[in-house]
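Enquirer: The structure is given below, and queries will be raised subsequently.
The values are calculated or read from the model by the stated rules, or taken from the named source; none is laboratory data. Since we're looking at a predicted model, the values are computed, not measured. Positions of Cβ are backbone-derived with ideal geometry, glycine not excepted, and every protein chain shown enters the neighbour counts. SASA here: full protein model, heavy atoms, side chains in, ligands and nucleic acids out. Shrake-Rupley method; radii C 1.70, N 1.55, O 1.52, S 1.80 Å.
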Amino acid sequence: MICKVSKKKITPFMSFGKMPIANGFIEKTDFNDEYFYNMEVGFSENLSLFQLNDHPRPEAMFNNSYPFFSGSSEYMKNHFKKYADFIKKNFLKLDSKIIEIGSNDGTMLKNFVNGQNDIIGFEPSKNVAQKAMKENVPTLNNFFNQKNAKQLKNFIRNTDVICASNVICHIPDLDDLIKSIDLLLSKNGTFIFEEPYLGSMFEKISYDQIYDEHIFVFSITAITKIFKLYDFQLIDVQPQITHGGSMRYVIKRKNNGTPSLNLMKHLEKEKINKIDSIESSLIFKKDCENSKLKIKEKINKLKSESKKICGYAATSKSTTILNYCDIGPELIEFICDTTPEKIEKFSPGKHIPIVDMSHFYKNQPDSIYLFAWNHKDEILKKEDNFKGEWFSHVAL
Ligand code: TYD
């Protein structure tokens, strides 16, 4: 396997086996044509970069019917409002231009629509981009890359803020990404983004963060090293609780701003916890194998007691769990979800029926596997009437 940034050879340290497209919720008639790839992960030691080996082409994942909507969680809507306030307070002027990479349904950019700031969202998935446009969020239905960035003449070297959430780890060609940012960002501009954090994934053993769209799981050390290659510098980080543990990264051009003490503290913590070396990845591998055994044991025990089990929220993350742990409809009867695009389809690979919430309320199970464990507070509050047991592979 080749590191996607340094182009140096690395050895994959773990395989999760054959995986389908994580968001590839499928119709019965398409079962025989389903796409699978071998999901292996490797760690590039010189860049401390945790990454997938093989993965489907981005066009196969972010297409005309991408079923993820940022606005599907009330908590996330509120999170994006606070994230936008942070940007406005610290980095945005009244007449600044702002770009969001992977703007999805416009949930984040909506917070900047004020008639003064020039706003553009790049969103390759047509259906979500259309939703944003319907709500008057200026959106280009296209991938963010140098070719498309060059079309935005007024934004070249003139954009004060480029932001992103849970999307930079989706982009295999980081070289092109950073060159596109270089092309658009103003002299004192800021690139700010949030991604699931490697340290949190190791700590929670949340290996369901690994799937086709998450080509990288970043650490602070990796981001520092990668951006340095392109004359950018990481100047601050802020841990976030979103997506089960994320990190917000603030990037400036070299010689613009000084790295914060907070950043130094977090970098030191990564060194102490060996997140910057392959050692922690090898421990994580053992943790994943143990977690798989435990989850199988738990579900088999419930089944032997004739308990009815269902899944709650057909997340992309659940695709990794179900396929790696070999859990199909014989063990989990159905998965309930609020997304119309997923309902009446089947889970990728294992083909568990996805049903709407009314089905869940009418067919109450004894136990629920909470696949959206990252939205635990919001969901448990909403489903307070459910008296059965909630469980997951991470501590709830
Ligand atoms: P998320 O963890 O953001 O998904 P992913 O792993 O794909 O990033 O959860 C989004 C999914 O969870 C989406 O299919 C909608 C579903 N969901 C519910 O069904 N009910 C809820 O209350 C919440 C918050 C999410």
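Enquirer: Going by amide H atoms built from the backbone, whose H comes under 5 Å of the H on Tyr35, apart from near neighbours?
Expert: Close amide H contacts, sequence-distant or interchain: Ile21.
Enquirer: Ok, one more. I want to check the label-to-label distance for Gln116 and Asn63. Put each point 7 Å from Cα in the C-beta direction and report it in nm to one decimal.
Expert: 4.4
Enquirer: Taking all protein chains as present, what is the carbon and sulfur share of the accessible area of the range 321-396, in % to the nearest whole number, probe 1.4 Å? Mind dumping the intermediate values first?
Expert: Details: 1600 of 3390 Å².
That fraction is 47 percent.
Enquirer: Principal axis lengths of the range 1-73 from Cα atoms, whole Å, largest first?
Expert: 43, 32, 20
Enquirer: Once label points are set 7 Å from the Cα along Cα→Cβ at both Ser6 and Leu282, what is their separation, rounded to one decimal in nm?
Expert: Roughly 1.7 nm, to one decimal.
Enquirer: Starting from the alpha-carbon convex hull of the chain, give the projected area averaged over all orientations, in nm².
Expert: Working: hull surface 75.7 nm².
Directional mean of the projected Cα hull area for the chain stands at 18.9 nm².
Enquirer: Quick one: Cα centre-to-centre distance for the range 235-266 and the range 82-108, in angstrom?
Expert: 17
Enquirer: Let me ask something else about it. Which distance in Å, rounded to a whole number, links the C-alpha centroids of the range 128-154 and the range 344-368?
Expert: 35
Enquirer: Still on this structure: Over the chain, what is the relative contact order in percent, taking alpha-carbon pairs closer than 8 angstrom and at least six residues apart?
Expert: About 16 percent, as a whole number.
Enquirer: Here's something else I'd like to know. Given R₀ = 45 Å, FRET efficiency for Phe86-Lys303 by Cβ-Cβ distance, to 0.05? Intermediate results must be reported in sequence, preceding the final value.
Expert: Numbers: r = 47 Å, r/R0 = 1.04.
After rounding to 0.05, the efficiency reads 0.45.
Enquirer: Report, to one decimal in Å, the Kirkwood hydrodynamic radius for the range 126-186 based on all distinct Cα pairs. Walk me through the numbers before you get to the answer.
Expert: Working: mean 1/r = 0.0795 Å⁻¹.
By the Kirkwood definition, the hydrodynamic radius is 12.6 Å.
Enquirer: Can you pull the percent of the range 10-68's accessible area that's carbon plus sulfur, 1.4 Å probe, other chains left in place?
Expert: Values: 1230 of 2630 Å².
With neighbouring chains kept in place, the figure for the range 10-68 is 47 percent.
Enquirer: Where the eigenvalues come from the Cα gyration tensor of the range 158-205, what are the semi-axes √(5λ) of the equivalent ellipsoid, largest first, in whole Å?
Expert: Details: eigenvalues 130, 31, 10 Å².
Computed over the range 158-205, the values are 26, 13, 7 Å.
Enquirer: Put a dot 7 Å past each Cα toward the Cβ at Asp231 and Glu74; how far apart are the dots in nm?
Expert: 4.9
Enquirer: Ignoring everything except DSSP H segments at least 4 long, calculate the 222 nm mean residue ellipticity for the chain; use -39,500 (n - 2.57) per segment, divide by total residues, nearest 500.
Expert: Values: 12 runs with 122 residues, N = 396.
My calculation for the chain gives -9000 deg cm²/dmol from helical runs alone.
Enquirer: Using amide H atoms built in the peptide plane, which far-off residues or other-chain residues are under 5 Å from Ser246 H to H?
Expert: Counting only residues 5 or more places away or on other chains, the set is Tyr197, Gln240, Ile241.
Enquirer: When ligands, DNA and RNA are left out and all protein chains stay put, how many square angstrom of accessible area per residue does the chain have with a 1.4 Å probe? If you can, show how the numbers build up before the last one.
Expert: Numbers: 17370 Å² over 396 residues.
Per-residue value: 44 Å².
Enquirer: Quick one: plug the Kirkwood hydrodynamic radius of the range 1-139 (C-alpha pairs) into Stokes-Einstein at 4 °C, 1.567 mPa s, and report D in µm²/s. Intermediate results must be reported in sequence, preceding the final value.
Expert: Working: Rh = 17.8 Å.
Value of D from the Cα-based Kirkwood radius: 73 µm²/s.
Enquirer: How much of the pair distance distribution for the range 206-357 lies past 23 Å, counting alpha-carbon pairs only, in percent? Write down the numbers at each step before the final one.
Expert: Numbers: 6009 of 11476 pairs.
The calculated P(r) of the range 206-357 puts 52 percent of pairs beyond 23 Å.
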